[in-house]
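Everything on this sheet refers to the single structure shown next.
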Amino acid sequence: MQAVAVISVEGLYKHYGPVKAVDGVSFQINAGEIFGMVGPNGSGKTTTIECIEGLRQPDQGKLRVLGLDPQQDFYALRERIGVQLQASNLPARLRLEEALELFASFYRQTADWRPLIEELGLADKRRAFYSQLSGGQKQRLFIALALLNQPEIVFLDELTTGLDPQARRLTWELVRQIRERGTTVFLTTHFMDEAERLCDRVAILDHGQVLALDTPSNLVSQLGMSRRVAFQISDDGLVYTKSTAQGSSEPAFDPGILKTIVGVQKVDWDGEAVTVYGQGNELAGQVVMALGNAGVGFTNLLSERANLEDVFLALTGRAIRN
């Protein structure tokens, strides 16, 4: 069965003076998928999603959402999509049920919010003031508000930022349930584990451009580094020396002893922490053997499969910005 595109973005540009917030972005999102967009702050994620939602006027580009133009058909589109913004707030003394009634009045047709808050675990908080809700409860309320009009597409921008691990996991399950309703989900996030666990496809954005777009597993496969071995060098294991300006010597580590291992493609060294990227199930054993032969002591060795964060770092060449 051929996939049906519900969002189409072609050559999207949005500049703020010399800043190229979005610089020629193109992609499609298919009906029924969870599509993720990841990247650091300033990469253009929020600007892109707000242009698609019709909240921001693009400088250039062709946008279609459910066959509609987000600018020209803004009011018609609003009835068919749900939006959870990156920064949302409500009056402190507004009760949860009052917020739902208020937002329901914005649409021509809405779902009964009572079963919705039951499903989201908020039924016992219906009389609570907004200020009395926990961070996770507030996020679930905003999800409820975004689902009131039974949208065909729901936009979730930085949904779990600031939540504790338990609340994040609960929110992930809610996102899966939304998709099971038949709703297409477009989410942006800083968290690579979130994108990898939830999304059917992921676009990696930086400096306003799409660096890569595919399924999480395909992105990792294309990286060409199937495993990651991380460890810390122990103080008594730094057997190499280097001269200082004062003429004395101090401990140093030579990453070259690892780069010669067959299958190793990259070695990162930051102080005592070393990470070796490469291929093959025997990579960890080969690293241990090389360190032993060189007389380098180490601790806390961990061998893992490469993941989406490794792809991000390989493409951008730096840590994720918060």
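Only the coordinates and a few stated rules stand behind these numbers; no lab work does. Just so we're clear, the structure is a prediction, and the values are computed from it rather than from any experiment. Virtual Cβ from ideal backbone geometry, glycine too; neighbours counted across all protein chains shown.
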Query raised in the report: Using r as the Cβ-Cβ distance of Trp269 and Lys62, and R0 as 51 Å, what FRET efficiency do you calculate, to the nearest 0.05?
Result: 0.65
Query raised in the report: For Glu173 and Glu79 in the same chain, what is the full-extension length gain: residue separation times 0.36 nm, less their Cα-Cα distance, in nm?
Result: 31.3 nm
Report summary line: Candidates Glu196, Glu53, Glu304; GNM for the chain (alpha-carbon contacts under 10 Å) flags as most fluctuating Glu304
Query raised in the report: Over the chain, what relative contact order in percent results from Cα pairs under 8 Å that are six or more residues apart?
Result: 19 percent
Query raised in the report: What is the percent of Cα-Cα separations in the chain that go past 29 Å?
Result: 49 percent
**Report entry** Whole-Å semi-axes of the ellipsoid equivalent to the stretch 29-132 (Cα gyration tensor, √5λ, descending)
**Finding:** 29, 17, 14
Query raised in the report: For helix 283-294, what angle does its Cα long axis make with the longest principal axis of the chain, in degrees from 0 to 90 and rounded to 10?
Result: 30 degrees
Query raised in the report: For the stretch 1-48, what size does the Cα cloud have along each of its three principal axes, sorted from largest down, in whole Å?
Result: 44, 20, 10
Requested in this report: With springs connecting C-alpha atoms under 10 Å apart, model the chain as a Gaussian network and identify which of His190, His15, His207 has the largest mean-square fluctuation.
Outcome: His15
